[in-house]
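Visitor: Got a structure for you, written out below as structure tokens; questions coming shortly.
The values are calculated or read from the model by the stated rules, or taken from the named source; none is laboratory data. In this text the structure is predicted, and so the values were computed from the model without any measurement. Cβ sites come from the backbone with ideal geometry, for glycine too, and all protein chains shown count toward neighbours. The accessibility values were calculated without ligands, DNA or RNA, using every heavy atom of the protein model including side chains. Shrake-Rupley method; radii C 1.70, N 1.55, O 1.52, S 1.80 Å.
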Amino acid sequence: MSITIENLSKNFGNFAALSDVNLEVPSGELVALLGPSGSGKTSLLRIIAGLEHPDRGTVLFNGQEATRRQVKQRKVGFVFQHYALFRHMTVFDNIAFGLTVKAKAERPGKAEIRDKVARLLKLIQLEQLAGRYPGQLSGGQRQRVALARALAVEPEVLLLDEPFGALDAKVRLELRRWLRRLHDEIHVTSVFVTHDQEEALEVADRIVVMNKGRIEQEGTPSEVYDHPATPFVFDFLGSVNLFRGRVHAGTAQMGGLRVHSPEHATADDAPAIGYVRAHDITIERVPGEGGAVSAEVSHLLSVGPLVRVELRIAGGDTWEANLPREEADRLQLAVGEKVFARPRKMRVFVEDYQI
Amino acid sequence: MASHGGKNNVLPGFTPSLGCTVLYLSIIVLIPLSSLFFKTATLTWDEFVAAVTAPRVVASYRVTFGSSLAAALVNAFFGVLVAWVLVRYRFPGKRLVDALVDLPFALPTAVAGITLASIYSPNGWLGRYLEPHGIKVAFTPLGIVVAMVFIGLPFVVRTVQPVLEELDRELEEAASCLGASRWQTFYRIIFPSMLPAILTGFALAFARAAGEYGSVIFIAGNMPKVSEITPLLIITKLEQYDYAGATAIASLMLVVSFLLLLSINLLQKWSRRFAE
Amino acid sequence: MQVSIHRTVKKNGTSGIAEPAWVRYLLLAVALSFLTLFLMLPLAAVFVQALDKGWEAYLEALKDPDTFSAIKLTLVAAACSVPVNLVFGVTAAWAIAKFAFPGKSLLITLIDLPFSVSPVVSGLIYVLIFGLQGWLGPWLQAHDVKIIFAVPGIILATIFVTFPFIARELIPLMESQGREEEEAALTLGASGLQTFFRVTLPNVRWGILYGVILCNARAMGEFGAVSVVSGHVRGSTNTIPLQVEILYNEYSYAAAFAVASLLAMLALVTLAVKSVAEWKIRQVSAAE
């Protein structure tokens, strides 16, 4: 089922949670709503589920008006951030709940429910825990039960609110890969909310980046990462270095750097901000080709496969560069040493564009 | 981030459930209570003042509120002690003792009244030892205080206990690492954290004692101007068909209990001021 | 009693900041003496005095027809007031705990009101409404309906004094459980009533038991309010506590304590059930 959001707005008191949001979620895709807290992503998800009513705008399911449809008629599966498992029911009863509350005419027989729950338990690899209560499960297990419970009613849309937010790092990694594989198997239209860019990049078919109740950009993970449409998206995805300067007739002057910037060919000495990702900075022992500035290594930190290098630039700025470990090993860097740093790729935004 | 507003909430049944609540509250509580003020309003101001300031009535305030204050003070001290012992120490029978603290809530006041009266009467279990020393408890104002201590006992314990349980042990450890003695730690760290709860419990015990009737009248002796409590005076007036007099005193009592309720609410708000 | 004191903290192996042992023993001794004097002694006295004249007299006192009718009336009063306040308590808790609306804290305060009103005043207000000189008195008399000095008055006064018990227990409990489980049930296709009966109610069942048992104890034991509206008609408008008073004032001490011992046993049962319910509530919230 496809979801269409048109001109959606929602206020809580004076706070605009969503302002004039438009979005299309194609059938069968796994879409991430990515943004910082307060960006409106959870509100959007809850409005799609019918748990919240918008002030203005419409929600269409398969092109049909669904804004005023009640929650139970929407056929959405919702996985809550804190799972919301029924604590007085066993895992089995939790998963079976949606089937047992159906009207008599549609309700499957006991045996059928049992089979279906067994299949779902197998899918989430918790067959042995059917008789346990939620309080006796680990976080990751609860998450999977919540997912199975949502899937039991065969929803046409699966909505997940920060599905991995409350889990520790290792379980989170496992579970998100598992979710990706699960989606490849069952292909139900899914939307999940996250504030973790890595999670969105790894799991989703499409990413919708949200900020202050608006959609900043939507696209495939590589579109969003490689071609950020706004400074916010650039800033939010990955660690970046920020440069202030001016741009004139297709050339930006950022501190000691001169950057070719054809998209601003018509700019007339406008104030601009340049963004460079930390891994787009090359460090060399020799000045080499143009565009390098001299810098001093002020701090070194190994983070797993990366080495984070803090550089103090002549003008007083500080840059952060991430080098692959082998590159760092080759350079043999030490704190206090003089090196040359060169941004390989800079994205320039004229400041007026900023909100 | 989610709103919990009535109109934004998808859970059903808000209007009917709130409607029923307000309706039932009005019928059972608000309308009957308002009758008290309407009845009082039929008195002229002078009649009202005369009714609530008659010497016997004023004496009953002194007995009631004086005894309530004394009982609440006793309860504040022993309540903190009991709560401390229940939270911090382990001893055999602790769970039983913990459960028994609520006995005054569960034991009907008339039963408490006749039992205390019989224990402290001159030939009772305790009375026979106190009498020779010149201590008369039953049928004196002291008996009223004893009864009020009994019924007010759980209030301080039950308000202080949870606060003490939640109190972060690291605070005390930090204080002692900084060189504070155990006593300094108590009165500089622990006591201030407990203070709002102690005051709340004190006010609750006081309010309960001031309105108490059943457990007090049996042990009080009920001598006018000496050991007659205000609630009893209301009943006496009622039995003499002095409805206006009874109502005037009752509305004064009601105003006092409103004020106490208000101060308890403020105390509780104050006690939450440091809560995260 | 042999007392051994371990600071609870000793389990964790950090006992560096305990009070000196003699202080601990002293505090414990003072606290336990106080509780013995003020709680255990009266409790024991009820039963000892009830059996003062032996089992025969004890059973004889309970078999008295007036006592028997007092027991019956007490049961009727409790059977009327507890269910009414249960339905109210659950309804009020649903509205207050699951929704936000202006005036909420005022409503909670008003629900608590009967707790802070003197029992005597609680009885008086019904006399002012339904009594002969009250608002509805003349009308009631013309239609030959008796409320004051009759069973309906006793029931009304009992409902008033037990009004807040269940609601005030359920409101914080349901608030702490939030709305997510209900929302989950709705997304799974449950109707409002299904959600309420299959998700909300089972989650608060121990809280309900707790409120009901306290409400019942107060309903059966209420003295002041009932005393004002009852008129003390032997064998017809006397509840157990009023019967205790009458027997006591007639100097039938053993009989008075025999009847009182029934109420004391009720109190002990109440405390036991309450402790179990508390333990269960804590267990449920700990599992979360």
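Visitor: Please report the projected area of the protein assembly as shown's Cα convex hull averaged over all directions, in nm².
Guide: 51.5 nm²
Visitor: Quick one: 3J(HN,Hα) in Hz for the stretch B:174-188, Karplus 6.51/-1.76/1.60 with θ = phi - 60°, rounded, Gly and Pro as x.
Guide: 4, 4, 6, 5, 7, x, 6, 6, 4, 5, 4, 4, 5, 7, 9
Visitor: At what distance in nm do the modelled label points of C:Ala79 and B:Arg128 sit from each other, each positioned 7 Å from its Cα along Cα→Cβ?
Guide: So the label points at C:Ala79 and B:Arg128 sit 4.4 nm apart.
Visitor: Could you pull out the trypsin sites (Lys or Arg not before Pro) across the stretch B:237-276 that fall in loop regions by DSSP (anything but H, G, I, E, B) with no more than 12 other Cβ atoms inside 10 Å?
Guide: When the trypsin sites (Lys or Arg not before Pro) of the stretch B:237-276 are filtered for loop state and at most 12 Cβ neighbours within 10 Å, B:Arg272, B:Arg273 remain.
Visitor: If you don't mind, there's one more thing I want to ask. Using +1 at the Cβ of each Lys and Arg and -1 at the Cβ of each Asp and Glu in chain B, identify which of B:Ala180, B:Ser17, B:Ala50 lies farthest towards the dipole's positive end.
Guide: B:Ala180
Visitor: Dipole of the stretch B:43-275 (Lys/Arg Cβ +1, Asp/Glu Cβ -1, origin at the Cα centre): which of B:Phe139, B:Ala244, B:Ile119 lies farthest to the positive side?
Guide: Farthest along the dipole direction, towards plus: B:Ile119.
Visitor: Only Cα pairs within less than 10 Å get springs; with that Gaussian network setup on chain C, which residue of C:Leu268, C:Leu73, C:Leu32 has the largest fluctuation?
Guide: Checking each option, the largest mean-square fluctuation is seen for C:Leu32.
Visitor: If the only charges are +1 at each Lys and Arg Cβ and -1 at each Asp and Glu Cβ, what is the size of the charge dipole of the stretch B:43-275 around the Cα centre, to the nearest 20 debye?
Guide: Here the stretch B:43-275 has a charge dipole of around 440 debye.
Visitor: Taking a ≥ b ≥ c as the square roots of the eigenvalues of the Cα gyration tensor of the stretch C:168-264, is the shape rounded (a/c under 1.5), prolate (a/b larger than b/c) or oblate?
Guide: Cα axes put the stretch C:168-264 in the prolate bin.
Visitor: What trypsin sites (Lys or Arg not before Pro) in the stretch A:200-305 are in a loop by DSSP, with at most 15 other Cβ atoms within 10 Å of the Cβ?
Guide: Here the trypsin sites (Lys or Arg not before Pro) that fit, given the DSSP loop and packing criteria, are A:Arg285.
Visitor: Could you give me the ³J(HN,Hα) list for the stretch A:169-175, computed from phi with Karplus coefficients 6.51, -1.76, 1.60 and θ = phi - 60°, whole Hz, x at Gly and Pro?
Guide: With coefficients 6.51, -1.76 and 1.60, one gets 3, 6, 5, 4, 4, 4, 5 Hz.
Visitor: Taking amide hydrogens as modeled 1.01 Å from N in the peptide plane, which residues meet the under 5 Å criterion relative to A:Phe192, leaving out close sequence neighbours?
Guide: Distant-sequence amide H within range of A:Phe192: A:Val31, A:Ala32, A:Leu33, A:Leu160.
Visitor: Hey, another quick one. Under 1.5 on a/c is rounded, so check that first for the stretch B:66-115, then, if it is not, pick prolate when a/b is larger than b/c and oblate when it is not; a ≥ b ≥ c are the square roots of the alpha carbon gyration tensor eigenvalues.
Guide: Verdict is oblate for the stretch B:66-115.
Visitor: So what does the Cα-only Debye profile of the stretch B:43-275 read at q = 0.07, 0.11, 0.15 Å⁻¹, as log10 I(q)/I(0), no solvent term?
Guide: -0.29, -0.66, -1.05
Visitor: Running a GNM on chain B with Cα contacts under 10 Å, which residue among B:Ala76, B:Ala106, B:Ala138 ends up with the highest mean-square fluctuation?
Guide: B:Ala106
Visitor: Would you look at the GNM of chain C, springs on alpha carbons closer than 10 Å, and say which of C:Phe257, C:Phe101, C:Phe196 moves the most?
Guide: C:Phe101
Visitor: Report the rotationally averaged projected area of the stretch C:20-78 based on its alpha-carbon convex hull, in square nanometres.
Guide: 6.5 nm²
Visitor: Right, another one. Restricting to DSSP loop positions (anything but H, G, I, E, B) with no more than 14 other Cβ atoms inside 10 Å of their own Cβ, which GluC sites (Glu not before Pro) remain in the stretch A:257-307?
Guide: A:Glu289
Visitor: Could you give the longest part of chain B that holds none of the chymotrypsin sites (Phe, Trp or Tyr not before Pro) found in DSSP loops with at most 12 neighbouring Cβ atoms within 10 Å?
Guide: Answer - B:1-240.
Visitor: Provide the solvent-accessible area of A:Asp93, counting protein heavy atoms only and rolling a 1.4 Å probe, rounded to the nearest 10 Å².
Guide: Accessible area, nearest 10 Å²: 70 Å².
Visitor: Which value, in debye to the nearest 20, gives the size of the charge dipole of the protein assembly as shown about its Cα centre, when Lys and Arg are +1 and Asp and Glu are -1 at the Cβ?
Guide: It works out to roughly 1660 debye.
Visitor: Share of antiparallel DSSP beta bridges in the protein assembly as shown, in percent to the nearest 5?
Guide: The answer is about 75 percent antiparallel.
Visitor: On to the next question. How large is ³J(HN,Hα) for each residue in the stretch C:74-81, as worked out from phi by the Karplus curve 6.51 cos²θ - 1.76 cosθ + 1.60 (θ = phi - 60°), to whole Hz, x for Gly and Pro?
Guide: Karplus-based 3J(HN,Hα) across the stretch C:74-81 equals 4, 5, 4, 4, 5, 5, 7, 7 Hz.
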